[in-house]
Amino acid sequence: MALIEIRGLKKIYQDGDAQTVALGGLDFSVEEGEFLAIMGPSGSGKSTLMHILGFLDEPTSGNYFLDGKDITEFDKEEIARMRNKRFGFIFQSFNLLPRTTVLENVKLPLIYSGIDEGSWDELAKAAIESVGMSHRINHEPSELSGGEKQRVAIARALVTDPKIIFADEPTGNLDSKSGQVVMEIIQNLNEKQGRTVFLVTHETYTAEHAKRILRLHDGLIISDQKVSNNHRQASNFIK
């Protein structure tokens, strides 16, 4: 059984009498442990698809099965719990709280996790160490470079130990060197830790860290291809 199965998925935005079709009826499945890049130009529907997959938005029609269960069967509490504990999110804009230390930023998802507060510091410090940011643990975002901010955002996404990672243009605000470091971390979350990863990007060199590329255009899938091992170079950044 596939981890995720999508059947006839549509998303239509209504503005008065005008309709915008963001997703025009998608069919695909994803196995546990896959690394799927979702590519396409601006307006192709890639971010909309990621938001639906991550329970941040709802489809207009069609079916989304997670572990064989239609997501319409989940109540609001289950949806919120899934977002917090099973999913981890990494965004282009980092979304770190200003005037708040790296440690406190990374601890944020634990507030709603149900995990005992006594272990929060230990869990956050382990996540921060896993992305090589322990030396910045007491710094605030304004004191960090773009690449460092994104590594902190990755640590925050990992602190509840989610099995599914959603990364929306994670290198979009970074220089090429910082972007490469971030992509190596994300790739190793998949290869060395076995997490399922969804990567939204418009950059081919970023997408080639994935094992499979799903290309969208005008809300439709135009190709779904495996990535050659020749394009993928794993890093030892995460031990």
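Descriptive notes on the structure:
- The calculated 222 nm mean residue ellipticity attributable to helices in the chain amounts to -7500 deg cm²/dmol, summing -39500 (n - 2.57) over DSSP H runs of n ≥ 4 and dividing by all residues.
- Label zone at E32 (point 7 Å along Cα-to-Cβ), backbone N below 19 Å, the stretch 64-100: 65-71, 82-88
- The amide H of F166, built 1.01 Å from its N in the peptide plane, has G88, F89, I90, F198 as neighbours under 5 Å, considering only residues 5 or more places off or on other chains.
- Sum of side-chain charges, K163 neighbourhood, beta-carbon under 15 Å (Lys, Arg +1; Asp, Glu -1): 0
- With N counted as the residues of the stretch 177-223, its alpha-carbon radius of gyration over 2.2 N^0.38 Å works out to 1.24.
- The stretch 110-239, accessible surface, carbon-and-sulfur percent (1.4 angstrom probe): 45 percent
- The residues of the chain present an accessible area of 48 Å² per residue when probed at 1.4 Å with all protein chains retained.
- Accessible surface of the stretch 55-107 [probe 1.4 Å, protein heavy atoms]: carbon and sulfur percent: 48 percent
- Cα centroid separation, the stretch 44-98 to the stretch 157-218 (Å): 17 Å
- Rg ratio (alpha-carbon, reference 2.2 N^0.38 Å) - the stretch 46-148: 1.28
- Length-normalised contact order of the chain in % [C-alpha pairs under 8 Å, at least 6 apart]: 27 percent
- Largest-first ellipsoid semi-axes for the stretch 99-173, taking √(5λ) over the Cα gyration tensor eigenvalues, angstrom: 19, 15, 10
- If you wrap the tightest convex hull around every Cα atom of the chain and split its volume per residue, you get 136 Å³.
- Relative pair counts by distance (%), Cα atoms of the stretch 7-65, 10 Å bins: 21, 56, 20, 3, 0
- Here, the stretch 130-239 is characterised by an Rg to Rh ratio of 0.98, where Rg is the alpha-carbon radius of gyration and Rh the Kirkwood radius.
- The amide H of F35, built 1.01 Å from its N in the peptide plane, has V197, K211, R212 as neighbours under 5 Å, considering only residues 5 or more places off or on other chains.
The values are calculated or read from the model by the stated rules, or taken from the named source; none is laboratory data. The shown structure was predicted, so the numbers you read here are calculated from the model rather than taken from an experiment. Neighbour counts are summed over all protein chains in view; Cβ atoms, including those assigned to glycine, are modelled from backbone coordinates with ideal geometry. Please note that ligands, DNA and RNA were not included when accessible areas were found on the heavy atoms of the full protein model with its side chains. Shrake-Rupley method; radii C 1.70, N 1.55, O 1.52, S 1.80 Å.
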